[in-house]
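Here, each number is a calculation from the coordinates, and none is a lab measurement. These figures come from a predicted structure and were not determined experimentally. When we count neighbours, we look across all protein chains shown, and the Cβ atoms used for this are built from the backbone with ideal geometry, even at glycine.
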Amino acid sequence: MRYLIEEEKKEALYYINKAKNIAKKSNCLKSKSSAVIVRNKNIIGIGYNSPPNDKALLECIKDKLPTNFKSDKTCCVHAEQRAILDALRGEKDLKNSRLYYIRLDLNNNIIKSGNPYCTICSKLSLDSGISEFVLYKKEGIALYDTYEYNDLSFKYIP
Ligand SMILES: [Zn+2]
Ligand SMILES: [Zn+2]
């Protein structure tokens, strides 16, 4: 992982700003996030988290699940999954692309990310060929190789 500086940081902020507007569309009751996939400076996929088919929910499923529920507890399709699906509608593979991920609070301000933890998205990103993953952390804009991102997600300790 390395933090982006100067021109690279400027470029990243451009896509992060795009992602911010996309995340506003989320109708999740818990959090709003988005992902933008970029290759050769072109946006090839976008996504925001929302329940499947964008169906608005009146209450979050997460709160009603038993504590020993085994699988992913979120009611939503993750933003990264959506962006990957979106990109693959137009592209054969996602090699040499970079995924930018952000999360917003309820006032649409960016919540700085912690360390990678979602193994669902890290595996899917790796499998679809995305080569780099960007998180907006409080220390700066962090660029990960997707292999590293997946490794770190499996090593995450809350
Ligand atoms: Zn949700
Ligand atoms: Zn995820």
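Quick check on my link table: of Lys18/Lys55; Lys41/Lys123; Lys18/Lys138; Lys10/Lys123; Lys73/Lys137, which ones sit more than 26 Å apart, alpha carbon to alpha carbon?
Numbers: Lys18/Lys55 23 Å; Lys41/Lys123 24 Å; Lys18/Lys138 19 Å; Lys10/Lys123 28 Å; Lys73/Lys137 24 Å.
From Lys18/Lys55; Lys41/Lys123; Lys18/Lys138; Lys10/Lys123; Lys73/Lys137, over 26 Å: Lys10/Lys123.
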Using a basic spin-label model with each label point 7 Å from the Cα along Cα→Cβ, how many nm lie between Tyr147 and Asn108? 4.1
For Cα pairs less than 8 Å apart in space and 6+ apart in sequence, what is the mean separation divided by the residue count of the chain, i.e. the relative contact order in percent? 25
Give me the log10 of I(q) over I(0) for the chain at q = 0.13 Å⁻¹, as the Debye formula computes it from C-alpha points; what are the numbers? -0.58
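Provide the gained length on full extension for the span Tyr14 to Ile157, in nm with one decimal, where the gain is 0.36 nm per separating residue minus the Cα-Cα distance.
Numbers: separation 143, 0.36 × 143 = 51.48 nm, distance 3.11 nm.
The span from Tyr14 to Ile157 would gain 48.4 nm if fully extended.
My understanding is that a pair violates if its Cα-Cα distance is over 31 Å; which of Lys32/Lys64; Lys62/Lys95; Lys30/Lys70 do that in this structure?
Values: Lys32/Lys64 20 Å; Lys62/Lys95 34 Å; Lys30/Lys70 20 Å.
As for pairs spanning more than 31 Å Cα to Cα, those are Lys62/Lys95.
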Karplus (6.51, -1.76, 1.60) ³J(HN,Hα), θ = phi - 60°, over the stretch 45-59, in Hz, Gly and Pro reported as x: x, 9, x, 10, 6, 6, x, x, 6, 6, 5, 5, 9, 8, 9
HN-Hα couplings for the stretch 67-83 via Karplus (6.51, -1.76, 1.60; θ = phi - 60°), in whole Hz with x for Gly/Pro, come out as 5, 8, 4, 7, 9, 4, 7, 5, 6, 9, 6, 6, 4, 5, 4, 4, 5
Dividing the convex hull volume of the Cα atoms of the stretch 68-158 by its residue count, what figure in Å³ per residue is obtained? 126
With a 10 Å radius around each residue's Cβ, average the other Cβ atoms per peptide and rank 74-87, 2-15, highest first. 74-87, 2-15
